[in-house]
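Shown below is the structure under consideration.
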Amino acid sequence: MRFLTAGESHGPALVGIIEGIPAGLAINEDFINEQLSRRQGGYGRGGRMSIEKDRIKFLSGIRFGLTTGSPLALLIENKDWPNWEKVMSQQPRDRTHERSITTPRPGHADLAGGIKYQHEDLRNVLERASARETAIRVAIGALSSLLLGHFAIYTTSFVIAIGGIKASRKFSKGLSTAEIKKKRGSMLYCLDGKAENLMVEEIDRAKNEGDTLGGVFEIHVEGLPSGLGSHVHWDRRLDNILAGALMSIPAIKGVEVGLGFEAAARRGSKAHDELLLNEKGKICRTSNHAGGLEGGISNGETIVLRATMKPIPTLVKSLSSVDLQTRSLNPAAVERSDTCAVPAASVVGEAVVSWEIAKAFLQKFSGDSLSEVEEAYWNYQNNVREYLGENNVEN
Ligand code: EPS
């Protein structure tokens, strides 16, 4: 399974092509649109989100509500496009310096991208580096969630910190993905209402001061069988793949799995998840410090990942920069942007993780049609029960 995306932030549309989705999967456009709306939400977003109304349009690969096995082509229109038609024109005759950028924003791709691609106008970098691209990845991730949902595998996310304000851990402890979805706040997708209110106040303060905020979000994948990913080769380790996917989201600077950085301060006896037998004789654990991954392989427990987002580098109160045309010290360029996009990034995180899990799932249980995948999956589940001697153990 693979995909490509294309599209500029202020171009006509964002597009994606997915290859390798098996035939026979029911497509629920409402679910995909719901995820797109969630990505647009979250307190602290900028003016662009009141212009856009992201909706998925499929151009191929579906017939009568089911995938056909052919590549799926997806499109999300940019409603802002009519305001940018001149500035973003493809025609040489329309060449203009209007809205061109020559003073890079520290922390953005502007300078490094300008040097690499030799662009005089850094807008050519900004337009593709913008987190607008993540809209199409959310659609692609939602589509993979539909596939995973068919096998009762569910991915969800929630915000655990913004601008240094942390949600209490007690609100997420032991919750299923369905409970998380129900309890998640509507403002910042946080499970701790008190912390969410403080975060909102901090966003207001940062906005008034022309500043921006980062934060941390957590992702859970529930219902995954053991055996996805592999210890036998570095690039097949599922933790490597999931961390890479999260790091591909703009502004993500760190990823944790399970206990993550906290494990470094613990003794081995307090860092691992001991194996026990429950009253029915089934192998179980009472903790999940490994975050559902051991040796790069899913171990049957919930996958727990966290990602850290830096504050968005477009500041109204500009940082110092250098104008590349005049070589003079100048405040960095200001573009319309968000004060805080951590809730949006949590939705993107959920999407990219769903995609990688679905990809690993189809690598293990491959098939051209959904029924072939089902057969491989249930055969494997039987083999696992037999291996663990659980065929005669009640669930
Ligand atoms: C975004 C659209 C962008 C920004 C934001 C994310 O729209 P515009 O630049 O027209 O305001 O709001 O992009 C960034 C924060 C960034 O650094 O590029 C979106 O759809 O998510």
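The values are calculated or read from the model by the stated rules, or taken from the named source; none is laboratory data. Computed from a prediction, not measured in an experiment: that's the story for all the values here. So basically every Cβ, Gly included, is an ideal-geometry build from the backbone, and we count neighbours across all protein chains shown. Side chains are part of the model used for accessible areas, which takes the heavy atoms of the whole protein and leaves out ligands, DNA and RNA. Shrake-Rupley method; radii C 1.70, N 1.55, O 1.52, S 1.80 Å.
Rank F31, F365, F58 by accessible area, highest first, at a 1.4 Å probe radius? Walk me through the intermediate numbers first.
Working: F31 55, F365 5, F58 35 Å².
The ordering from most to least exposed comes out as F31, F58, F365.
Dipole of the chain, Cα-centred, from +1 at each Lys and Arg C-beta and -1 at each Asp and Glu C-beta, to the nearest 20 debye?
Values: 48 positive and 48 negative charges, 157 e Å.
Dipole about the Cα centre, nearest 20: 760 debye.
Calculate, for the stretch 2-388, the solvent-accessible area per residue in square angstrom, rolling a 1.4 angstrom probe over the heavy atoms of the protein chains. Don't jump to the answer; show the numbers that get you there.
Working: 19340 Å² over 387 residues.
Roughly 50 Å² per residue, with all protein chains present.
Keeping the other protein chains in place, figure out the carbon and sulfur percent of the accessible area of the stretch 2-388, with a 1.4 Å probe. Show your work: numbers first, answer last.
On the way: 10000 of 19340 Å².
Taking all protein chains in place, the stretch 2-388 shows 52 percent carbon and sulfur surface.
What percent of all Cα-Cα pairs in the chain falls into each 10 Å bin, going from 0 up to the bin containing the maximum distance?
Bin by bin from 0 Å, the calculated values are 5, 21, 30, 25, 14, 5, 1, 0.
Can you put H108, H10 in order of accessible area, largest first, using a 1.4 Å probe?
On the way: H108 50, H10 15 Å².
From most exposed to least exposed: H108, H10.
Need the list of lysines near K53 for cross-linking: C-alpha distance under 20 angstrom, and skip anything on the same chain fewer than eight residues off.
Filter leaves K79.
Could you give me the ³J(HN,Hα) list for the stretch 267-282, computed from phi with Karplus coefficients 6.51, -1.76, 1.60 and θ = phi - 60°, whole Hz, x at Gly and Pro?
Along the stretch 267-282, the couplings run 7, x, 5, 10, 10, 10, 9, 5, 8, 10, 10, 7, 5, 8, x, 8 Hz.
Normalising by the residue count of the chain, find the relative contact order in percent from Cα pairs under 8 Å and 6+ residues apart. Numbers along the way, then the final one.
Numbers: 766 pairs, mean separation 85.5, N = 395.
Normalised by residue count, the contact order of the chain is 22 percent.
What are the membrane-span-like helices in the chain by this rule: whole DSSP H runs, Cα extent along the axis at least 18 Å, mean Kyte-Doolittle hydropathy at least 1.0? Show your work: numbers first, answer last.
Details: long enough: 134-149 (21 Å, 1.64); 193-208 (23 Å, -0.98); 342-364 (33 Å, 0.80); 370-387 (25 Å, -1.34).
Helices passing the filter in the chain: 134-149.
I've got another one for you. What order do R93, R237 take when sorted by accessible area (1.4 Å probe), most exposed first? Intermediate values should be presented prior to the final figure.
Details: R93 190, R237 85 Å².
Of R93, R237, the descending order of accessible area is R93, R237.
Which entries of K173/K282; K194/K359; K57/K310 have Cα-Cα distances beyond 28 Å here?
Working: K173/K282 23 Å; K194/K359 38 Å; K57/K310 32 Å.
Too far apart for the 28 Å limit: K194/K359; K57/K310.
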